[in-house]
Amino acid sequence: MTPRLMHWFLGVRVLVIGLFLGGAIVFQHKGSTGYLWVELRCLYLLVAAAYAQTLVSLLLVRMFGPARWLAQLQIGLDLLFATALIHITGGIESFFASFYILIILSGVLLLSRRDVLIVASAAAILYGGLINLQYYRFIPPVPGLALPLEISGVETLYKLFINISAFLLVGLLGGLLVSRLRLSEHDRQKITIDYEELERLNRAILANMTSGLIIVDRQLCIRSMNAAAEDMLCVVFEHAYHTQLSRYFPDVTLLQDGQFQVVSRGEGWLVDGMGNRRPIGFNTSVLTDPAQAVDGLLITFQDLTNLKEMEERLKRTDRLAAVGQLAAGLAHEIRNPLASISGSVQLLRENEALSPEDRHLMNIVVREADRLNGLLKEFLLFARPSPPHQIWFKASTLIGELADLCTADGRFAALEIQQNSPPGAMIYGDRNQLQQAVWNLLINAAEAMPEGGRLELAYRPLTRQLVVTDSGPGVSEALRQKIYDPFFTTKDHGTGLGLATVHSIVEAHGGTLEHQPGIDGGATFLISLPV
Ligand code: ADP
C-alpha cells in the first residue's frame with residue numbers, strides 16, 4: 001500500500017460521504033412530501049463525525065505512513081459508521097445498505113484477502129444484528145425517526161438474506177481480486193526493479209569502459225560521450241556537445257554520399273582538445289530508432305599510443321637481433337686476423353734498419369688496427385652482451401661515480417651537471433653494464449651540447465628509472481625511430497653503436513629504453529628497470 005493510494009482512498013471517501021449524505025439532506029429539504037423521515041440533525045452529526053475522522057486518518061497517515069493497521073482501523077470505523085447510518089435511516093428500509101458493499105470494495109484496494117473476507121463477514125453480522133435488534137425492538141428507535149412499524153417477518157428475512165448474500169459474495173469475489181491484484185503488482189514491481197537495475201548497469205558499464213564511446217547524429221555532430229572519451233579527447237562533454245566530430249577526428253571519414261560508414265577495426269588519428277595527435281583504433285555501428293530509421297552513429301575507440309610504442313620496440317628488438325647475430329660472427333672473424341696483423345707489424349717495427357717513412361706507415365697500421373679493434377669490442381658488447389650479473393647496489397654510488405667520470409672528461413667541461421638520487425635507493429642489476437649504458441647516454445648528451453648546457457643524471461626509485469636529461473637540440477621526430485639502429489649516426493666520427501648498446505644491455509635486464517622530448521627542447525632518455 002502506498003501513501004498515494006491511502007490519500008486517494010480518503011479523498012474518494014470524503015466525496016462519497018458528501019454526495020450520498022449531502023444528497024439525502026438536500027432531497028429531504030426539497031422533498032415534495034414535506035415529511036422528514038430522518039432526523040436531519042442526526043445526519044449532520046454523522047457527516048461531521050465522518051469528516052472529522054477522515055482528518056484524523058490523514059494526520060495518522062502523515063505520522064505513521066500508510067500502515068496496514070491504519071487501513072484496518074479506517075475500514076472498521078467505516079463499518080460502524082455505515083451501521084449507524086442504516087440505523088438512523090430506517091434499518092431494513094434504508095437504502096444505505098449498499099454502503100457496506102462500497103466498504104468491502106475499499107478493503108479490496110487496501111487490505112489482504114483474509115481481511116476482505118473478515119470485512120464482508122463483519123458487514124453481514126453487523127447488518128443482520130442491527131436488523132434483528134430493530135425488528136425485535138431491542139434498541140430504541142431514533143427520536144423523530146419513522147421506522148416502518150409493521151413489516152412482515154418474511155419480508156425482513158428475505159431482504160436480510162439478499163443483502164447478506166450480496167455482502168458475502170462481494171467479499172469472496174473481492175478476496176479473489178485482491179490475490180490477482182497483489183500478483184500483478186508484484187510482477188510489475190519485479191519488472192520495474194529489473195529495468196532500474198539494467199539502467200544502473202548500463203550507466204556503470206559506460207562510465208567504467210576503458211574505450212571511448214561517442215554518439216553522433218546524422219550531421220556528425222556529437223550528441224553523447226562517456227568518461228573515457230572525455231579523458232582521451234581532453235574535453236568535458238558540455239564543451240564537446242554539438243561540435244563536429246571532425247574537430248577531434250580530422251582524418252576519419254564516417255559519412256559518404258549521405259551514408260554512415262560502418263567500420264570494424266579501423267585505425268586513424270585523434271586530435272585532442274590540447275591539440276595533441278594520438279593514434280587510435282575504432283569501430284562504428286549505426287544506431288536506429290524503434291521504426292528502424294537511421295538515427296545516428298556510435299563510435300568506440302581506443303588510444304593506441306602505448307600499443308604502437310610497444311610494436312615499435314618489438315620491431316626494433318627484432319631488427320637489432322638480426323643485424324647483431326650476423327655482424328657478431330663477422331666481427332669475431334675480423335678480430336683474430338686483425339690481432340695477427342697488428343702483432344706482426346709491431347714486431348717489424350722493432351727493426352732498427354727501418355726508414356723513418358716505413359716506421360711512420362707502420363705506426364699508422366698499428367694505430368688504425370687498435371681503433372678497429374676498439375670498434376669491434378664495442379660492437380661485440382652490443383651484439384653479444386654477456387648475461388647480466390645482477391646484484392643490489394646503491395643508486396647514489398652509481399650516479400656519483402658517473403658524475404665524477406663526467407667531471408674528469410674534457411667533453412663535459414662546458415656543461416652544468418646535476419645529479420639527483422634519493423640516499424637510500426637501491427638498484428638491482430649488473431653494475432658494470434648499467435654504468436656502461438648510462439655512460440653512453442651521457443656522452444651522447446655531451447656531444448649534443450658542444451657549446452655547453454645543462455645535463456641531469458637522476459635515479460627515480462618509484463618508477464625504477466635511470467634518467468639522463470640534456471638541454472641540447474633534442475632528437476627530431478624524423479630520427480626518433482632510427483637512433484637505436486646499429487651504425488646509425490649523425491656525427492662525423494660516430495659509430496652509431498652507443499644507443500644500440502644501451503638498448504641491448506637494458507633488454508638483457510628485462511627493462512625498457514625510452515626517449516622523451518624535453519619540455520624546452522633537449523632530450524630525455526629513460527632506462528626503466530623491471531620490478
Ligand atoms: P653515435 O653517438 O655514435 O652517433 P648513438 O647510437 O649513440 O651513436 O646515437 C645515434 C644518434 O642518435 C646520434 O648520432 C644522434 O643523432 C642521436 N642522439 C643520441 N643521443 C642524443 C641526444 N642526447 N641529443 C640529440 N641527439 C641524440
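The values are calculated or read from the model by the stated rules, or taken from the named source; none is laboratory data. Quick caveat, the model's predicted, so the values are computed rather than measured. Quick reminder, even Gly has a Cβ in these numbers, built from the backbone with ideal geometry, and neighbours come from all protein chains shown. With ligands, DNA and RNA removed, areas are computed over all heavy atoms of the protein, side chains included. Shrake-Rupley method; radii C 1.70, N 1.55, O 1.52, S 1.80 Å.
Rounded to the nearest Å, what's the spacing between the alpha carbon centres of the range 107-136 and the range 473-531? Just the number, please. Cα centres, the range 107-136 to the range 473-531: 96 Å. For helix 498-508, report the angle its Cα long axis makes with the longest principal axis of the Cα atoms of the chain; keep it between 0 and 90° and round to the nearest 10°. Tilt of helix 498-508: around 50 degrees. If you wrap the Cα atoms of the range 378-462 in a convex hull and average its projected area over all directions, you get 6.1 nm². Relative to the longest principal axis of the Cα atoms of the chain, the long axis of helix 40-64 lies at roughly 20 degrees. Its Cα gyration tensor gives the range 450-531 an equivalent ellipsoid; the semi-axes, largest first and in whole Å, are 21, 18, 11.
Could you tell me what percent of the accessible area of the chain is made up of carbon and sulfur, with a 1.4 Å probe and every protein chain present? It would help to have the intermediate numbers written out before the result.
Working: 18750 of 30630 Å².
With neighbouring chains kept in place, the figure for the chain is 61 percent.
Annotated for the chain: lysine pairs at least 8 residues apart or interchain, Cα distance under 29 Å, count 10.
The calculated 222 nm mean residue ellipticity attributable to helices in the chain amounts to -19500 deg cm²/dmol, summing -39500 (n - 2.57) over DSSP H runs of n ≥ 4 and dividing by all residues.
What net charge is computed for the residues neighbouring Leu442, neighbours being all others with C-beta under 11 Å from the C-beta of Leu442, Lys and Arg scored +1, Asp and Glu -1?
Once positives and negatives cancel, what remains is -3.
Taking every protein chain into account, the accessible area of the range 418-531 amounts to 46 square angstrom per residue (probe 1.4 Å).
Taken as Cα centroids, the range 323-386 and the range 42-106 sit 119 Å apart, rounded to the nearest whole angstrom. For the chain, the longest principal axis of the C-alpha atoms and the axis of helix 3-30 are separated by about 20°.
Leaving out ligands and nucleic acids, note down the accessible area per residue over the range 247-395 with a 1.4 angstrom probe, in whole Å². Can you show the working numbers first?
Details: 9740 Å² over 149 residues.
Heavy-atom accessible area per residue stands at 65 Å².
Scan the chain and report its longest stretch carrying no GluC sites (Glu not before Pro) that are both in a DSSP loop and have at most 14 other Cβ atoms within 10 Å.
On the way: sites that count: Glu150, Glu350, Glu352, Glu451, Glu477.
Value returned for the longest uninterrupted segment is 151-349.
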